[in-house]
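S.K.: Supplied in structure tokens, the structure appears directly below.
The values are calculated or read from the model by the stated rules, or taken from the named source; none is laboratory data. Remember, predicted model here, so these are calculated numbers, not experimental data. Cβ: placed from backbone, ideal geometry, glycine included. Neighbour counts: every protein chain shown.
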Amino acid sequence: MKIFISYGHNDHTALVDALYDALLRDGHEPWKDDRYEGTSGIPAGEDFTNIIYDAIRESDFVVAFVTAATQRSRYCCDERQYAYNMKGSHFIQLRLDGVEIRLGNAGSYIDMDAVERAGGIDQELFRQKLGALYAAFREPASLLSPSAKFERYLKIRGAMQYDEFIAMPERDDFVGREWLREQCKRWAMDDTIPCRLFVILGEAGTGKTAFVRHLAEDKELVRSVHVCVFDRPKTRNVKDTLKNLAYTLTLTNHSYSDFLRNRNFDSLEEMDYDGLFEFLFVEPLKNEKEKYLLIIDGLDELEETTGLNPLIKVLRQYARTINPNISILVTGRPEESIVSKIRTVHSSATGQSVLLSKDNGREDLNAFIEKNLRELDCYSDALRQKIFEACDGNFEYLTLLFREAAEEGLRLSGETPLPRGLRDRYTQYLDRRMEKNGQEEELTREQHRLLSVLSVAYEPIPCSLLAAVTGFDDYDVNQELKVFGSLVRRIPMGEDDRLISFFSKGFRDYLLSGEYGQYSVSARQGHKAMAAYLMKRFTNEAAFARSPYMDKHGFTHLLVHMRKDREAAQEYLEQMKKADLAKTITRLAAALCSGEREALEAYFDQETPGQDERLVITRLKNIRATHVLNAIIEHYQAEGAIAKACTLQADVLRMEPTPENIRQAAELYHQAREIYQRELEAAPSYDTRFALGLVYERLGNMARALDTTAGWAEAEEWYGKLLALDEENFRENPGYECCRALGITYGRLGDVARVKGTPEGYAEAEVWYRKKLERDEENDRNYPGYESRRALGICYDRLAALAKARETPEGRAEAEQLYLTRLKLDEQNYRETPCYDSRTALSITCDHLGSLAGEKETPEGRAQQEEWCRRCLELDEENHRENPCYDTRHSLSITYDRLGRLARDKGGDAGYEEAGRWYRKSLEMDEQNYRENPCGKSRRNLSVTCCTLGDLAQDRHTAEAQAEAEGWYRRCLELDEQNYRENPIARSRRDLAVVYERLGAIADTRGKLEEAVEWYHKSIALHEENLKENPTRAGRRSLGISYEVLGITLQKMAADAPPRLEEAAALYRRAMELCEENLRENPTLTLWQDLANLCDHLGDIAMTRETPEGLAEAEEWYRKRLEICQRCYRENPTARTRRNLSLSYFSLAELKQEQGTPEALQAANEWYLRELELDEESLRLAPGYESRRDLGVTMSRLAALAQVSDAPDGKETARQWYLKKLELDEENHRNEPCKQTASDMRFTCAQLYRLAKAQETPEGEEEAAKWAVKFHSLE
């Protein structure tokens, strides 16, 4: 057999030669570099590395002498690592100098320490060891120690093992950090410190990894190390990190190894992070007596799934509960996801975290600089100080500088220009390399393409693949990359290939930063090149060699590119369809919706498909990817998963909720339910209960969507069944997922109770929501992170909606506090994970807070509302820029609508124009959604926006505006009638009824009262049908409002048709019955105000009779209205309740004025003055167009009353009121110059003109002329 011998020159030479001779004598073919081809060594000029690696590949076994000297040699460590990677169990280590074996199967070694004696070699013992070596040749597994059995479960291929880690760079290179070493050691030995987590933080290049490597040389102190490497994906996976840390510990701790040997590893892959940590460390080490460290280097490199570094969460949880003899040291960059969690377990007094900086590393940096300068024979204090200032505390800067000086001839002196900071050092290094290569200081097209691909590679990429992706040959790739010197690494692999990667993550970040134009590369172009190559393989696989790298990461590159380029995404999916790659489409599209690489890889590998698959399918439904979902359904059917296929097929049908689709979906859900129920009876299990629960939930949601009393009752029944399953699952497994599911079900039952709209219903809803809150708070305590905060936020949102529904100041204040609590959670989620979901949640909360601010009905409230709306706008626009789709357009449409309403409330031409701009932007979003997805939902959204534009046009009260409004309402009619034809449910009837009312209002405004009555009767018929089918409070209120609107129109017709007056009164009384029934169920402010309005209408009808009895009845109704409005204002003093009370005073004043007696006129004046007092308060609290106009109208009423009174100064009193009114009119006209404000001023000028004329004096004539000029100037 061919045996490769790995050894150190001038190290245990006699023993190495004895082994070589013995192997040769016994018929083997030993290979040693100093016996190369019978010579004394490999000749100068030969490719030394290639010769060595070729010999390793061609050998049958590799025998490596592991000694103190070879442990220190980077060359020997690299050689052993390569040999182990190539040969696996055919790699055998011979231990000397008592060193600890850590590489590979650490048990696979032969102890040679006793073979050497002072006088030479113990021949007898040597023959025994040689026999053991030959036995290992025959059966390699014979050397394995008990710990080697764990390799199958725990060892991670590609992880940097202990020997390799310590040997890079050579030990002798490290200087300084003794203060930190002592601090770590003191802390590890002090078991009185409650927190067993020590954290070393530092920016890139501050020497974290070098220090840890130095610390790890103390084998008594450090027992296990795991290094997270930026271009080795498996080292960055949380579970693999924990498993590899445990594997290395089995090699250094025999009691730990013995404990694990008796454990069941079958469920290892199914454990969550907490369970895995407990299984591997907490329980096995609970009785450990020795004190030592476990180290995880590069915590910031770990893949994150929800913006929270998941391992920090685990370490934080166990830092105070793990055996105090076991300490965990981690390093990482000072990122928020790490720092924020460290604060919760660390106090500065214990000194358990250190931030490496220029200040605390001054001595260490100077020592490192001095050592290297002396080795280069160019030391001076001035040069040392200059380099210290330039490096800015960064060891990587120094390493790059001194390597260039040692290997590339850079002369260091006081005149050598040195840029400040690592990134400028990269630029200077590249400038020099370019100049040396005879190239201008910018990347060639070929270099840009190569670096763009390298910058997005998830691990070192074979040179052959890099050439294939970029369209170059291997030689061109090597030539183009040569200019980057040591910044690009080349690692031998196979006979003719190399793995290519960057020197450091910092250099990759530098290239991608975009801040250094001539050396900037494009990640987008890199993914595009990878995606294009993968697509060529899909469509012409025979022409492309299989690539392990592309098998592993190709889909990821493809999905990243497809997310960024929607046109390419469509084109690629079409190509896959033509190539009949249904499964590929399924997996790829699923990946497109799964934002996390960890979830993506798990889904592709089908290691833990359940939860990830559900997440993927949910996101596919959110983007309405029906063709992909149908492919998944076919996949389920082919695998015999009929219940899963039925459930998903029903979900797809419900995406277009036509009556036929809903019917079919219900049948499919019931089919799935029957299958799962049979499975549950045959073999009860968590998974079956969970799957059946999902079906119950779907059936409940379908019943709920009917929006009827019967539908809600059915929904409650299904949710009750779901609750029973969730509670059983929670009892069996009270972990995160079950706790979360139970909380969601509590929330759904709360929603069902809340929709009842009664105090009892609200009380029941609060009980369910509080139960949900308990579960969500428990999850947030035990598993704090993005999802737990999100669930808590939703619960606070529901409790806030309950508080707001009370319609009291206290309820609104409570709602505001709950929304602000949710806001903190949403903001934290957005800071840590700025993505579509977190922005959407934050936008929704801002919208709620804006609505609450607007309800204050004050200038400050409106300003706050606009501020919240603007924040929503920023978030929604960012979502839309990142992912222009149906949902982001819909969110933007809602926000545009909110801003339009705010502008509309400002009044005047400017407010009207601004509102129109916002509404048209909303319309643009809704029209695009309807074009791309013409369904009931998009049609309804478009109708709502058209209706809003119609309302805006109607505000202008001109013939042209009324025609425009009718055009919008006719468009609504067309959309809503189509929705009603396709899906005649309560909601579509209600939408259509609203449009009928709008068209009736247009007819009413134009004086076409009979036409208006026809529209209103149509609206009433739909509301009555809804109420008959679903007798709810909302249904009663809608019908009552329709009765009221029709009654108002009939009142207008009474002059020509007196019977209409009684019809109107009958309608008002029917509306009042409905309102009083609602008030008995739930006496809210809104309902009281509805009742007040009806009292006012009935009072108006009584007044029209112009009889003492009629006036007495009218006063009775008006006083009833006054009593209601006073109560509402006392309990809830807002602008709206104040204005309603003011109008009550006005009604009573008009009544008294109608009675006409001196006493009645005096009473009328008193009611007007009370109205005036409220209007002045409104102007004080909310100065604006509406409040000034309302006050002016009241003043004109007082002036008119003064004119008809018998008081001697009545006309002068009237004149003073009109002058005060004119001041208000002028201010309104200055602020909002429009037809309405001009008209108000002309009216006041006309009244003052008449009063002046009536004086019949020269002064009066002069004043009248002045008012006439002002009147005509406003035409």
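S.K.: Hey, can you tell me all the residues within the stretch 690-739 that are among the small types (Gly, Ala, Ser) and either under 16 Å from Pro657 (Cβ atoms) or in a helix (DSSP H, G or I) (or both)?
M.R.: Just the residues of the stretch 690-739 that are among the small types (Gly, Ala, Ser), to begin with: 691, 693, 700, 703, 705, 710-711, 713, 715, 720, 724, 735.
If the condition is that a residue be among the small types (Gly, Ala, Ser) and either under 16 Å from Pro657 (Cβ atoms) or in a helix (DSSP H, G or I) (or both), then Ala691, Gly693, Gly700, Ala703, Ala705, Ala710, Gly711, Ala713, Ala715, Gly720, Ala724 are the ones that fit.
S.K.: OK, next. For the stretch 667-688, which positions are surrounded by fewer than 20 Cβ atoms within 10 Å (Cβ to Cβ) and either within 21 Å of Tyr980 (Cβ to Cβ) or charged (D, E, K, R) (or both)?
M.R.: Selection gives Glu667, Glu674, Arg678, Glu679, Glu681, Asp687.
S.K.: Related question: Looking at the structure I just gave you, is Ser893 under 30 Å from Arg663 (Cβ atoms), among the hydroxyl-bearing types (Ser, Thr, Tyr) and part of a helix (DSSP H, G or I)? Lay out the reasoning, then the answer.
M.R.: On the way: under 30 Å from Arg663 (Cβ atoms): no; among the hydroxyl-bearing types (Ser, Thr, Tyr): yes; part of a helix (DSSP H, G or I): yes.
Here the answer is no, as Ser893 does not meet what is asked.
S.K.: Considering only residues that are surrounded by fewer than 20 Cβ atoms within 10 Å (Cβ to Cβ) and either within 17 Å of Phe174 (Cα to Cα) or touching a Pro at 6+ places or on another chain (Cβ under 9 Å) (or both), which ones fall in the stretch 361-387?
M.R.: Answer for the stretch 361-387, where residues must be surrounded by fewer than 20 Cβ atoms within 10 Å (Cβ to Cβ) and either within 17 Å of Phe174 (Cα to Cα) or touching a Pro at 6+ places or on another chain (Cβ under 9 Å) (or both): Arg362, Glu363, Asn366, Ala367, Glu370, Lys371, Leu373, Arg374, Glu375, Leu376.
S.K.: Oh, and also: Yes or no: Ser1144 in a helix (DSSP H, G or I), touching a Leu at 6+ places or on another chain (Cβ under 8 Å) and modelled with pLDDT under 90? So that I can check it myself, show each step before the final result.
M.R.: Details: in a helix (DSSP H, G or I): yes; touching a Leu at 6+ places or on another chain (Cβ under 8 Å): yes; modelled with pLDDT under 90: no.
Here the answer is no, as Ser1144 does not meet what is asked.
S.K.: Take the stretch 194-208 and flag every residue that is modelled with pLDDT under 85 and either outside the structural domain of Arg316 (by TED's automatic domain parsing) or aliphatic (A, V, I, L, M) (or both).
M.R.: Across the stretch 194-208, the qualifying residue is only Ala204.
S.K.: Kindly evaluate Glu1176 against the criterion of being in the same structural domain as Glu1256 (by TED's automatic domain parsing) and surrounded by fewer than 16 Cβ atoms within 10 Å (Cβ to Cβ).
M.R.: Numbers: in the same structural domain as Glu1256 (by TED's automatic domain parsing): no; surrounded by fewer than 16 Cβ atoms within 10 Å (Cβ to Cβ): yes.
No; evaluated as a whole, the condition is false for this residue.
S.K.: Would you kindly identify the helices (runs of 4 or more DSSP H) lying entirely within the stretch 796-883 that contain at least 2 residues that are within 20 Å of Lys921 (Cα to Cα)? Don't jump to the end; show me each part of the working.
M.R.: Working: elements: 809-832, 836-855, 859-882.
So the answer is 836-855, 859-882.
S.K.: What's the number of the condition Asp191 fails, among (1) modelled with pLDDT of 80 or more; (2) in a helix (DSSP H, G or I)?
M.R.: In the conditions (1) modelled with pLDDT of 80 or more; (2) in a helix (DSSP H, G or I), Asp191 misses (2) alone.
S.K.: Further question on the same structure: List the pairs whose first member sits in the stretch 1050-1063 and is assigned by TED's automatic domain parsing to the domain that holds Asp1100, whose second member is modelled with pLDDT of 90 or more and of a type outside the set (Lys, Arg), and whose Cβ atoms are under 6 Å apart, counting only residues at least 6 apart or on separate chains?
M.R.: Listed pairs, sorted by first residue: none to list.
S.K.: Please go through the stretch 869-882 and pick out each residue that is over 23 Å from Leu852 (Cα atoms) and either basic (Lys, Arg) or touching a residue at least 60 places away in the same chain (Cβ under 8 Å) (or both). Step through it out loud before you land on a result.
M.R.: Keep residues of the stretch 869-882 that are over 23 Å from Leu852 (Cα atoms), which gives 878-882.
The answer is Arg881, and nothing else.
S.K.: Write out, first by first residue and then by second, each pair whose Cβ atoms fall under 6 Å of each other, whose residues are 6+ apart or on separate chains, and whose first residue, in the stretch 452-463, is more than 13 Å from His557 (Cβ to Cβ) while the second is assigned to a loop (DSSP other than H, G, I, E, B).
M.R.: Partner pairs satisfying both residue conditions: Pro460/Asp231.
S.K.: Mind checking which residues of the stretch 1066-1096 are among the aliphatic types (A, V, I, L, M), out of contact with any Phe, Trp or Tyr (no Cβ under 6 Å at 6 or more places or on another chain) and buried (at least 19 other Cβ atoms within 10 Å of the Cβ)?
M.R.: Keep residues of the stretch 1066-1096 that are among the aliphatic types (A, V, I, L, M), which gives 1066-1067, 1071-1072, 1074, 1079, 1085, 1087, 1091-1092, 1094.
Those still in the list that are out of contact with any Phe, Trp or Tyr (no Cβ under 6 Å at 6 or more places or on another chain) too: 1066, 1072, 1074, 1079, 1085, 1087, 1091-1092.
Met1072, Leu1074, Leu1087, Leu1091, Ala1092, listed by residue number.
S.K.: Right, something else. Can you tell me which residue within the stretch 468-483, out of those that are more than 38 Å from the chain's Cα centre (by Cα) and among the hydrophobic types (A, V, I, L, M, F, W, C), is farthest from Tyr426 (Cα to Cα)?
M.R.: Looking only at the stretch 468-483, we keep the residues that are more than 38 Å from the chain's Cα centre (by Cα), and these are 472-483.
Adding the requirement that they be among the hydrophobic types (A, V, I, L, M, F, W, C) leaves 472, 477, 481, 483.
Details: Phe472: 26, Val477: 21, Leu481: 15, Val483: 13 Å.
Only one residue tops the list, namely Phe472.
S.K.: Looking only at the stretch 1019-1037, filter to residues that are of a type in the set (Gly, Ala, Ser) and crowded, with 23+ Cβ neighbours inside 10 Å; which one of those is modelled with the highest pLDDT? Outline the logic, then answer.
M.R.: As a first pass, look at the stretch 1019-1037 and keep what is of a type in the set (Gly, Ala, Ser): 1019, 1021, 1034-1035.
Add one more test, that the residue is crowded, with 23+ Cβ neighbours inside 10 Å, and what stays is 1019, 1035.
Details: Ser1019: 94, Gly1035: 87.
Only one residue fits best here, namely Ser1019.
S.K.: Taking the stretch 31-60, which residues are part of a loop (DSSP other than H, G, I, E, B), closer than 13 Å to Ala83 by Cα and either modelled with pLDDT under 70 or not polar (S, T, N, Q) (or both)?
M.R.: Asp60
S.K.: Follow-up. Restricting the first residue to the stretch 657-680 and requiring it to be at pLDDT 90 or above, which pairs with a second residue that is surrounded by fewer than 17 Cβ atoms within 10 Å (Cβ to Cβ) and hydrophobic (A, V, I, L, M, F, W, C) meet a Cβ separation below 9 Å and a spacing of at least six or different chains?
M.R.: Gln671/Ile642; Ala672/Ile642; Ile675/Ile642
S.K.: Continuing with the same structure: Among the helices (runs of 4 or more DSSP H) contained in the stretch 296-396, which hold 3 or more residues that are modelled with pLDDT under 85 and out of contact with any Gly (no Cβ under 9 Å at 6 or more places or on another chain)?
M.R.: Working: elements: 310-318, 336-343, 362-375, 381-391.
Helices (runs of 4 or more DSSP H) meeting the threshold: 310-318, 336-343.
S.K.: Something else now. Check the stretch 917-930 and report whether any residue there is farther than 23 Å from Asn883 by Cα and at pLDDT below 95. Steps first, answer last, please.
M.R.: Residues of the stretch 917-930 farther than 23 Å from Asn883 by Cα: 917.
With the extra rule that they be at pLDDT below 95, the set shrinks to 917.
Among the residues of the stretch 917-930, at least one is farther than 23 Å from Asn883 by Cα and at pLDDT below 95, which makes the answer yes.
S.K.: Among the residues of the stretch 815-864, write down those that are closer than 23 Å to Arg1138 by Cα, buried (at least 21 other Cβ atoms within 10 Å of the Cβ) and either out of contact with any Asp or Glu (no Cβ under 9 Å at 6 or more places or on another chain) or basic (Lys, Arg) (or both).
M.R.: Result: Ala815, single match.
S.K.: Also: Kindly provide the set of residues from the stretch 989-1018 that are closer than 15 Å to Ala1057 by Cβ and of a type in the set (Val, Ile, Thr), ordered by number.
M.R.: Hit for the stretch 989-1018 is Val1013, nothing else.
S.K.: Go through the stretch 1190-1275 and tell me which helices (runs of 4 or more DSSP H), entirely inside it, have 1 or more residues that are in contact with a Leu (Cβ under 7 Å, 6 or more places away or on another chain), surrounded by fewer than 19 Cβ atoms within 10 Å (Cβ to Cβ) and basic (Lys, Arg). Before you say what the answer is, go through the steps one by one.
M.R.: Details: elements: 1210-1231, 1235-1254, 1258-1273.
It comes to 1210-1231, 1235-1254.
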